[in-house]
Amino acid sequence: MKKSYYPTILYLEDGTNFKGWSFTNSHISFGEVVFNTGMTGYQEIMTDPSYKGQIMTFTYPEIGNTGLNKGDNESNTIHVKGIVSKNICYYPSNWRSKISLKDYLLKNNIPHIFGIDTRRLTKHLRNHGAMNGCISSKILDINTLNTMIQKSPLMAGLDLVNQVTVNKAYKYIAQEYSNKVYSYINYKLTKQVSSPINIVLIDFGVKNNILLRLVHYGCKINILPAKSTLKNILSYKPDGIILSNGPGDPSAIDYGINTIKKVIYFTNIPIFGICMGHQIISLALGGSTFKLKFGHRGINHPSGINQNAEITSQNHGFAVNMKSIPNNAVIITHFNLNDTTIAGIRHSNKPIFSVQYHPEASPGPHDSDYLFKSFIHLVELINLPHIQNTKQIDSK
């Protein structure tokens, strides 16, 4: 294999820079530089809409070992602004691998830099906070990059949901490969009864695996744009509503916040919020959010309360301000046990709950998958006898 390396620079807005290499000399990309501590999941991360506008640093020293395949994408688009790695594997080894990471980066024109000290970079971001930066193999002059980076928008106050949400509503149908992909980890999709649960999902940047988990539990899913109105939502006569994950500053999504306020006030429809959806619910209930210093991004974050903990997959740069939560309406159900920020809430008298982390956990442990089942049970309780029992049918 012919290996062509080109000098590349990672430049941060505070003037710190790292020199490394890339497989092309034509890239320059700006974004918020963050880090993920997961040992796996690089394919899911690159295609996760929640990472829109971000340059991802992988703390695991070598990525690409298992290659990439057609089944693990979380969306149909590359959302990261670039990736940073210490090493990149040239020769992947996995029975599902279809392409190497190097070829994937070149094929999809993804800005990248490798050969740098990612441990030093991560410690810098932990000490000084996530910040804007750029990956450039096209321009290597620091003064020029410094001038350009000052024009990059800050993540705080930025609405990125509008760039990743669907343009029009559609009905989700699981891809044929889903049964094959999930069968080897006992996630085979269940057969559905004649009257599946009718779910409306508000798309703030949804991951494919959230949809697959809902299908697994016998849901019929209508995916609606983030700017859908209360009238639009109610026209689908939903049994339950899911508010998905998504990128950017939740406080900037005023259209979503205002709509969910109306849904909460005028209806009794069960709502389950995930990540961005959790923040939207909190804001709709009168809370506020703040930007974390360097965010929570990884697959081993402990969350829980009262001696109960689960290991969770997390990906967010904002959190709900604990002092802003109205005590008369909201009960905290989970804390992030690393820093005690709010990780889960439920409404005191409405069928509404949410978590800051990702119960679909792709990648990550499946400790939190019970939340989907809890939501389905809640929907059934609220809607009985309208909904037929959607328990899994034995397929003997």
Of the residues in segment 219-266, those that are more than 29 Å from Ile78 (Cα to Cα) and not in a helix (DSSP H, G or I) number 6
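Here's a check for you: in segment 167-182, which residue that is exposed (fewer than 15 other Cβ atoms within 10 Å of the Cβ) and either small (Gly, Ala, Ser) or in a loop (DSSP other than H, G, I, E, B) (or both) is modelled with the lowest pLDDT? Quick ask: steps written out before the conclusion?
The first filter runs over segment 167-182 and keeps only residues exposed (fewer than 15 other Cβ atoms within 10 Å of the Cβ), leaving 167-168, 170-171, 173, 175-177, 179-180.
Now restrict to residues that are either small (Gly, Ala, Ser) or in a loop (DSSP other than H, G, I, E, B) (or both): 167-168, 173, 175-176.
Values: Asn167: 96, Lys168: 96, Ile173: 84, Gln175: 60, Glu176: 43.
Out of the qualifying residues, it is Glu176.
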If we ask which residues in segment 241-254 are more than 18 Å from Asn209 (Cα to Cα) and either in contact with a Pro (Cβ under 7 Å, 6 or more places away or on another chain) or among the acidic types (Asp, Glu) (or both), their number turns out to be 2
(1) among the β-branched types (Val, Ile, Thr); (2) surrounded by fewer than 19 Cβ atoms within 10 Å (Cβ to Cβ); (3) touching a Pro at 6+ places or on another chain (Cβ under 8 Å); (4) in a strand (DSSP E or B) all hold for Thr333 apart from (3)
A careful count of residues in segment 114-143 that are loosely packed, with under 14 Cβ neighbours inside 10 Å and either more than 24 Å from the chain's Cα centre (by Cα) or without any contact (Cβ under 8 Å) to a residue 12 or more places away in the chain (or both) gives 7
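If you go through segment 264-284 one residue at a time, how many are more than 18 Å from the chain's Cα centre (by Cα) and buried (at least 22 other Cβ atoms within 10 Å of the Cβ)?
Pass one, segment 264-284, residues more than 18 Å from the chain's Cα centre (by Cα): 264-271, 283-284.
Within this subset, residues satisfying the condition of being buried (at least 22 other Cβ atoms within 10 Å of the Cβ) are 270-271, 283-284.
So the count comes out to 4.
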Q. Being within 17 Å of the chain's Cα centre (by Cα), at pLDDT 95 or above, of a type in the set (A, V, I, L, M) and assigned by TED's automatic domain parsing to the domain that holds Ile257, is that true of even one residue in segment 331-338?
A. no
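Out of the residues in segment 299-330 meeting the condition of being surrounded by fewer than 16 Cβ atoms within 10 Å (Cβ to Cβ) and polar (S, T, N, Q), tell me which one is modelled with the lowest pLDDT.
Asn327
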Residue set Asn338, Asn315; condition part of a loop (DSSP other than H, G, I, E, B) and out of contact with any Asp or Glu (no Cβ under 6 Å at 6 or more places or on another chain); output residue Asn338
When restricted to Thr37, Thr16, Thr8, Thr57, the only residue crowded, with 19+ Cβ neighbours inside 10 Å, within 29 Å of Phe318 (Cβ to Cβ) and hydroxyl-bearing (Ser, Thr, Tyr) is Thr57
**Prompt:** Do we have any residue at all in segment 239-248 that's surrounded by fewer than 20 Cβ atoms within 10 Å (Cβ to Cβ) and either farther than 21 Å from Gly157 by Cβ or in the same structural domain as Tyr357 (by TED's automatic domain parsing) (or both)?
**Reply:** no
Result of the Cβ filter at 6 Å on segment 1-19, keeping first residues that are at pLDDT below 95 and partners that are in a strand (DSSP E or B) and surrounded by fewer than 19 Cβ atoms within 10 Å (Cβ to Cβ), at least 6 apart or interchain, is Tyr5/Trp21
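The values are calculated or read from the model by the stated rules, or taken from the named source; none is laboratory data. Since the model is a prediction, treat every value here as computed from it, not as a measurement. Cβ sites come from the backbone with ideal geometry, for glycine too, and all protein chains shown count toward neighbours.
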